[in-house]
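Okay, so here's the structure we're looking at.
A short reminder: the numbers here are calculations on the coordinates, not readings from a lab. The model shown is predicted, which means the values in this text are computed figures rather than measured ones. Virtual Cβ from ideal backbone geometry, glycine too; neighbours counted across all protein chains shown.
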Amino acid sequence: MNKNRMYPTWFIFGALLLYVVLYVLPSVMGIAYSFTDWSVYSQEVHYVGLKNFQTVFSADYNYNRMLGNTFLFTIVTTLAKNVIGLALAVLLTKKVRLLNFHRAVMYLPCVLSALIVGMIFKAVLNPKIGLLNMALRAIGLDVLAKNWLTDSKIAFNSVMAVDIWKGMGYIMTILIAGIMSISPTYYEAAEIDGGNAWQCFRHITLPLLTPTLTVTTVLNVIYGLKVFDTVYALTNGGPGYATEVLYTGVYKEFGLGRYAVGTTLSSIMTVVMLIVGYFMIKHMVQGGGGEA
Amino acid sequence: MNSRMRNRRRWQAVGVNVLAWALSLILMAPLLLILVNSFKDSVSASDMNLALPASPQWSNYSVVVEKGKLGITFLNSMLYSAATTAGCTRRCICSSCWGSPCPSTSSP
């Protein structure tokens, strides 16, 4: 191929410069600081080896719980958003009156700021005057009325449920686009062959939606691993450490002046994200190649 | 298509519509909560329920516009969105084009 017909190299410089200055450099510096005793109390920064990592993985602290909560949050919300989003997408590609109204309503929660969502659901999940408990009491289900955000056993489930409410509309929109790109001739052929709705979904919709579902899974996993705002706005990691996730932990460590431990937690998550991202992108590329 | 099949399809359509409305209402409830309470005075809004306001407080909106400096904050948000969208799009187009052949025979 004639080299004169290629786009010039300087095209990449702007993006590369921003990427290096705003992403690579801070990441490398963060990893370097995680091997030091950097804190608000230290006059000088000293190399301490793996001491911070020992602290983070030690059973004496609650960091393991933060990591566990983060992974649990990621797995549960990813699965739930994909399943509910898919169900909504299938529903809202049928012949429904006021279709665009329903689509807009279901998409609406994801355009709200996490802080607004946090404020709304603090009110909705209030044990005494909250909408949810009042509705449950009104239909005689008093036994199901709980302290949704203050009971340490169910607070994390409540936080995940709010995040699912907020995010499923976004996934639904992506999946609707995926379903609408499937040729109707497949469904017509299946109907002639006597296929029912479930068979059409199982053997046409689901296989042809797999690349789209891979994309939504990647988006959800990355979002779940770095979740902060929803948890911070709803419970700030409480009660106790029941809903603490990694980045609320990092935020608190920085607030307490323990910068080195904060950067250690961030570094661990950076490595986890790199590994997860690598395998997911590899899977996506292979999936795309297989389809072509 | 026989009448039995037509009947079945009609009931299916009714079911789908009812389900869509039920889900929309459930999803809308928290959003309605904001809307309804935005018309209440500060005392009754603290209850945060779906009861309609006794007398709508339209002045809440003028307070937000004037004291909350809604004009400047909205403008800042718009500027932020426009600048980041334009910047990201430009950088992404440039970096994704790099190394690939130009579509036309003329130099880029």
>> Among B:P30, B:P56, B:S46, whose Cα projects farthest towards the positive end of the dipole of the stretch B:3-97, with charges put on the beta-carbon of Lys, Arg (+1) and Asp, Glu (-1)?
In response: B:P30
> Taking amide H positions as placed 1.01 Å from N in the peptide plane, with prolines and chain starts having none, which residues 5 or more places from A:M6, or on another chain, fall under 5 Å of its amide H?
Replying inline: B:C102
> What list do you get for B:K69, A:K128 if you sort them by fewest beta carbons within 10 Å?
Replying inline: A:K128, B:K69
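Give the residue list of trypsin sites (Lys or Arg not before Pro) in the stretch A:86-122 that are DSSP loop and have at most 12 other beta-carbon atoms within 10 angstrom.
On the way: sites: A:K94, A:K95, A:R97, A:R103, A:K122; in loops: A:K94, A:K95, A:R97.
When the trypsin sites (Lys or Arg not before Pro) of the stretch A:86-122 are filtered for loop state and at most 12 Cβ neighbours within 10 Å, A:K95, A:R97 remain.
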>> Using a 7 Å offset from Cα along Cα-Cβ at A:T185, what residues in the stretch A:192-225 end up with backbone N under 11 Å from the label point?
In response: none
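Starting from the Cα gyration tensor of the stretch A:1-100, take the square roots of the eigenvalues, sort them a ≥ b ≥ c, and report rounded, prolate or oblate (rounded when a/c is under 1.5, otherwise prolate if a/b is larger than b/c, else oblate).
Working: a/c = 3.65, a/b = 1.24, b/c = 2.95.
Because a/c hits 1.5 or more and a/b fails to exceed b/c, the stretch A:1-100 counts as oblate.
Looking at the stretch A:1-54, which chymotrypsin sites (Phe, Trp or Tyr not before Pro) are in a loop (DSSP not H, G, I, E or B) and have at most 14 other Cβ atoms within 10 Å?
A:Y41
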>> Please check: in the Gaussian network model of chain A (C-alpha springs, under 10 Å), which one of A:G277, A:G262, A:G249 has the largest mean-square fluctuation.
In response: A:G277
> Residue-wise, which Karplus ³J(HN,Hα) couplings in Hz belong to the stretch A:164-181, taking 6.51 cos²θ - 1.76 cosθ + 1.60, θ = phi - 60°, and x for glycine or proline?
Replying inline: 5, 4, 6, x, 5, x, 5, 5, 4, 4, 5, 6, 4, 4, x, 5, 5, 7
> Per 10 Å bin from zero, what fraction in whole % of the C-alpha pairs of the stretch A:50-291 is there, up to the bin with the longest pair?
Replying inline: 7, 25, 29, 22, 13, 3, 0
> Within the set A:K122/B:K69; A:K166/A:K226; A:K166/A:K282; A:K122/A:K166; A:K122/A:K146, which residue pairs have Cα atoms separated by over 23 Å?
Replying inline: A:K122/B:K69; A:K166/A:K282
>> Test of understanding: what is the full-extension gain from A:F228 to A:S39, defined as 0.36 nm times their sequence separation minus their Cα-Cα distance?
In response: 65.8 nm
> Which value in deg cm²/dmol, rounded to the nearest 500, describes the helix-derived mean residue ellipticity at 222 nm for the protein assembly as shown, given -39,500 (n - 2.57) per DSSP H run of n ≥ 4 and division by the residue count?
Replying inline: -21500 deg cm²/dmol
> When you look at the Cβ of every residue in B:28-40, what mean number of other chain Cβ atoms sits within 10 Å?
Replying inline: 3
> Which value in Å does the Kirkwood hydrodynamic radius of chain B take, with 1/r averaged over all unlike C-alpha pairs and then inverted?
Replying inline: 20.2 Å
